[in-house]
Every structure is written in C-alpha cells, then in structure tokens.
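Take a look at the structure below.
The values are calculated or read from the model by the stated rules, or taken from the named source; none is laboratory data. Quantities reported herein were computed from a predicted structural model and do not represent experimental measurements. In this analysis, Cβ positions are derived from the backbone assuming ideal geometry, glycine residues included, and neighbour counts consider all displayed protein chains.
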C-alpha cells in the first residue's frame, strides 16, 4: 500500500515559510499532481515525501507509517528529477541499474530488470551510450527507466518534462499516462503547467504561497474552482473576470453595464467579479447563452491553428475570447455568456 | 565575440615572450650546457655525453635519485589526505570556513619560515622531543632531522603538512562542480554515503586527481626548499634529493660544475615527464 498523507505540515527555509500547515491524502494507485506557480511550495512538498527535506512540524505518512525520520533510501520511493540527474560517467545501462546495485541486488535480478525496463522505456538500443550522447527525450526515458527498475511503492516526478520542447512534451505526457495505467503505482507529479496537470492527474493539489488552494479531480478544478486563484490558474486560455457587485443574490451587476442572471444564488458583500471562461462567451445569440448587455472592442486576433484567440476590451477589462472566425481589429462584438458556467468571486479571494 | 587571429596573437604575445625568455630559453640553454664542461670562469668545453656518463657511475647521484624516489611516497599520501579533507570541508555547516582556512594556512606561509619553525620543533632539543619526553613516550631525544633513518621522512612530513591545503582546494573545486542532485538521486536510489563516494565522487574527480598526482609528484621530484632549510641534504647525504644534488654541484662546489648540474637537470626533467605520463595512464586506465 502506498497511500501518502500530509498532516498539518510546516516547512521553512530560514525566515521563509514555504509550507504553511498543509494537509492532503493521496490514495494508493493515484496519479496526484502538485500544481502551482513558481515558489508555491510544490517541489518542497515533493522533497518532503522523498525524505530529502524534513518538516518543522506535522506528520508525513507513507503506507500508514509515519516517515518523518525515515531515510530516503528506506522509504521505497523513486524520483525523476527535473534535469534527470543521470550519472554522466556511467552508461545508460549502469544508470538504470545503479539503485539495484547500490542495494546489492543479485546479478540475475539486475539483468532481468535492465532488459525489462529498457524495453518498457524504448531505450534498448541506447544501453551502451553515455548521457551526453543522448537527446533530451532519451535522457528523460533513461531517468524514467532508472526509477521503474527499482519497482518502488511510489514514483515522484519533479517537473520532468519542463526541459523538453512542446511536441516532445506532449508525446512524453502520453507515455507517462500509459505507463501509469500499466504499472498502477502511486505517482506524485510536480508541475507549473496546468495542461500537464489536467491531462495526467487523477487528483490535482493546487497550491499558492505555501497553502493548498483546492484538491480535486481535473474536472472539479475546471468546473468548480474554489476561488479566483484556482479559476484563473486552470484553463489553457485564462478565465475572464468582469468587475462589479451582486445585485441581490441572483443577479450580477457588471461595472461595464450588464446585468447577468446567475445560475445559483450567491452571497457576497462589497466588490466582486464574475468569472467566465473564454469558451463560455459567444459573440452571437445562441441557445443556452444570455445576452450580457455588454459589448467589447477587438484589439488583437491570434490564430492558434483551429481557432482564434481574440483579445477584446470591455470597459477597463481586457477579455480573451475564442472564435472559429477571425474578427477584424476595431470591431465591436456583443457578449453572450453561458447561462450555467458563471462564477462569482469576492474581491478578497 | 569572435576574436580575429591578429587580436588573439596580440593577447598571447606578452605571455609568450615571458615564457620564451624565462622558461624556454633557459631550458634550451641548460640542455645545451649539459653536453659541455663549464665552470663559469672559462668558456664551455664540449664533452659530449661525458657528464651523463659520470653521473651514471657516481654513487652520490644514485643516492640522490634513490632519495627522490623515496620522496615520491608523499604523493599518494598527499592526494588521499587532501581528498578526505576536501570531502570533510565541503559540508554545509556552521564554522566550516574556519576549517577551510586552517587547512589552507600552511600553504601561504613561506617555506623558509615554515622550515625554520619546523626545525625548531623537530630539532634534537626541540619542542617535539621535549613534549614526548615529558609525557614519557620516549626516554631520550629522537634525531628527527639529524638521524640517518629519520631525516628524509621528517622533511617529507613538512612537505606533506604544507601541501594538504593546496591540493585540498583543487579537490574542493572538483567536488563543488559535481551537481548535488546526483547525490540526491543516489540517496533516493538507496546508495550509502560510501557507495556514492566510490561510484560518483571518485570517478567524477578523476581529472582533478590526475592534476593533483602530476603536480604533487613533480613537486616531490623537484623538492628543494624543505631540504635546504631543514637538513641541507644531511646527515651524510641521507636526505639529499636530486635537485639538492644539482644545486650542490652547481653552486656549492668550487669551481662550480654548471655543465654537470645541467646534465642532472635534464635527467630530472625526463624523470618528471615520465612520472607525469605514468600518472596519466594509470588514472585513465582506472
């Protein structure tokens, strides 16, 4: 069993509080993703799981046992580092079996695991090469093979795809997902890329400033963000926010002049903002969409392959919209909002 | 910024001139003089391989050569000790800079001053003997510098003491160039500290180890200051090394035997070159 749990964990470096009492639980076999901007504490949380750091307060549990004082080598976890941490003087084969040899595994087991993991990672032809002779993607596979060879209780990934180009990142993402489906081992993955998190994770732990903002499935975070930070962070094209305030519990009065009926009653005092995802804004009347009464002036149009991202200004607010057709700069477009996918956030969130 | 060949040549010229004047010219001059009898007062007289032949039959030369090869024992001792010290001072802990400074301090002390101080310590009536006798470790003074059996080892000890910090810094540079995440990966993979040292640190320190071995072995072959200050090659030439032998023939003789000394110098040069090559092959083979 490799469920992982943090109970009110604090971690500081000098005077800087990096983790401020975080708690979460990762079930055995889950692919949990720590997501957040740089400096939010996600890598620190991963290093605490690995044992490379120790917490100031709180408990770290792996498989039901408290492991705060347990040495990394005794936690039965394997880690893939951001820059792979391959031993430059060892061949690919020696890199893969390093952990097995360090633990005095019998030669027969070493050879068996080497063959199996090299086949799994698709690097059998590269076993005699040194890391310097490999491409970025190949090094990534070797780092993965080295982790898999250990047959650990859990895998830890510290932004392993961040050094790869976009195309390679996509194919490696798919391979990681397939690998997880195959080996069904607990995986904990750190990334600042929300697309990676959404495609890979069965559970996402989104962090900011050392505090967990929300824990949930990708759909939870996308369709039911707990606060404005989560709403803004999740989504390839960020969510749009209309400033304004509540007019009663069921209507939002936008500063740009629109009055929008909310799908659910909301109770907030003072200034608020209405969040709408770009794909939930239509530029013409359509069933399921309500006329906001607001218009936006197109400032920029970016072609992204199958559609356009349109930057348009509505009052003081710069919106990003998705359109199948190009819209000339300067045009005024009406804003029709999806009647269901509207979010209201207080200005404090 | 790409540099033109002309600019490159101009930048290299001053160093090149200095090298040619103070290293290459004297080296070639010495190589030439090795085939001459020259006593400074009269013109050099060509003698062919006469100086080398005399050397081959000279018991003092072989004594000095033997002592120089004994001196090479300090090389592996220095390399291993300075490596261990470098590993120890490479840790992140409070006050570690104090230890780094303490180990490096002997390097900056001029050898003459260090030699005089150690002479004070190691003399027959010196600090060490007094301390050992007061603690009843020894009953009578040990002749650290004047005893035939101890003299060369005492001089070697001073070389060892002075060299630790110097080579420690070289190894420290090498250690700090090894990415820390390699050790983290090894730690997570289950490697003990010793295993990581053996399989990661040592192999990645090979270029530095080679440098340390070459530098310390050629320094051992060329040692002079310690010998001059502590024992002057005595007692009875028991601590006389090749360089001191060369110096004795060049400047301590009357008339001076410059040609013969140059011949000794040429032999020393080839010995040092052989040792450097041997070090290179041994380390690379490992």
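Mind checking whether some residue in segment A:77-90 is more than 14 Å from chain B (Cβ to nearest Cβ) and assigned to a loop (DSSP other than H, G, I, E, B)?
No, segment A:77-90 has no match at all.
All but one of (1) more than 26 Å from the chain's Cα centre (by Cα); (2) closer than 28 Å to residue A:267 by Cα; (3) modelled with pLDDT under 90 hold for residue A:286; state the number of the condition that does not hold.
Every condition holds for residue A:286 apart from (2).
For segment A:293-313, indicate whether the set of residues that are under 22 Å from residue A:247 (Cα atoms) and in a loop (DSSP other than H, G, I, E, B) is non-empty.
The answer is no; no qualifying residue exists.
For the condition touching a strand residue (DSSP E or B) at 6+ places or on another chain (Cβ under 9 Å) and either at pLDDT below 90 or outside any loop (DSSP other than H, G, I, E, B) (or both), what is the one hit in A:328, A:265, A:334?
A:334
Output the residues belonging to segment A:119-137 that are under 30 Å from the mean Cα position of the chain (by Cα) and in a helix (DSSP H, G or I).
Within segment A:119-137, the first condition is being under 30 Å from the mean Cα position of the chain (by Cα), and the residues that meet it are A:119-123, A:131-132, A:134-137.
Within segment A:119-137, A:119, A:120, A:121, A:131, A:132, A:136, A:137 qualify.
Conditions first: (1) part of a helix (DSSP H, G or I); (2) free of Cβ contacts under 8 Å to residues at least 24 places away in the same chain; (3) touching a helix residue (DSSP H, G or I) at 6+ places or on another chain (Cβ under 8 Å); (4) surrounded by fewer than 17 Cβ atoms within 10 Å (Cβ to Cβ). Residue B:107 passes all but one, so which condition is the exception?
Answer for residue B:107: the failing condition is (2).
Can you name every residue in segment A:49-76 that is under 24 Å from the mean Cα position of the chain (by Cα), within 9 Å of another protein chain (Cβ to nearest Cβ) and either assigned to a loop (DSSP other than H, G, I, E, B) or modelled with pLDDT under 95 (or both)?
A:51, A:52, listed by residue number.
Of these, B:188, B:142, which one is without any contact (Cβ under 8 Å) to a residue 60 or more places away in the chain, away from chain A (no Cβ under 14 Å) and over 18 Å from the mean Cα position of the chain (by Cα)?
Working: B:188 fails: away from chain A (no Cβ under 14 Å).
Of the residues listed, the single one that is without any contact (Cβ under 8 Å) to a residue 60 or more places away in the chain, away from chain A (no Cβ under 14 Å) and over 18 Å from the mean Cα position of the chain (by Cα) is B:142.
Considering only residues that are crowded, with 23+ Cβ neighbours inside 10 Å, modelled with pLDDT of 90 or more and either at positive phi or not in a helix (DSSP H, G or I) (or both), which ones fall in segment B:234-263?
Residues satisfying the conditions are B:239, B:240, B:241.
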